Amino acid sequence: MKSKEQKSSKQIDDILERFSLKKTTTRRKIISAFVSSKNTLSQADVLLALADQGESPDRVSIYRNLNQMKAAGLIHEVDSNQYIACTHECLEH
């Protein structure tokens, strides 16, 4: 039987694959931050969440990943520098 962490990791990989995004450690942890949050996240929030997970990417990497995820339709920018994960099949993608 798979542990909860293994199952969660598999689900995150499936999400990245569905949106045709490369499976990197940073992307996995960004997705994990969005999945764990019920609120919108800013670039700074994502950076803090990754720091809590032992990662230390620079702000440019976070910004670049957020833009790629937004372009793929995985997240939406709801306000200036506030993002939320897409939880439905919307018309935009």
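What is the gain in length, in nm to one decimal, between ASN67 and VAL35 on full extension, counting 0.36 nm per residue of separation less the C-alpha to C-alpha distance?
9.8 nm
So how far apart, in nm, are the two label points at ASP58 and SER80 if each is 7 Å from Cα heading toward Cβ?
2.5
When you count, for each residue, the other Cβ atoms within 10 Å and take the mean per peptide, how do 27-38, 8-19 rank with the highest first?
Answer by packing, highest mean first, reads 27-38, 8-19.
Count the net charge of all other residues whose Cβ sits under 11 Å from the Cβ of VAL35, scoring Lys and Arg as +1 and Asp and Glu as -1. Display every interim value, and only then the final one.
Details: positive: ARG28, LYS29, LYS38; negative: none.
So the surrounding residues net to +3.
On each of the three principal axes of the Cα atoms of segment 1-77, give max minus min coordinate, whole Å, ordered largest first.
38, 26, 23
Any read-out appearing in this document is the output of simple, stated calculations on the displayed coordinates, not a laboratory observation. Values in this document were obtained by computation on a predicted structure and should not be read as measured data. Please note: Cβ atoms are built from the backbone with ideal geometry, for glycine as well, and neighbour counts cover all protein chains shown.
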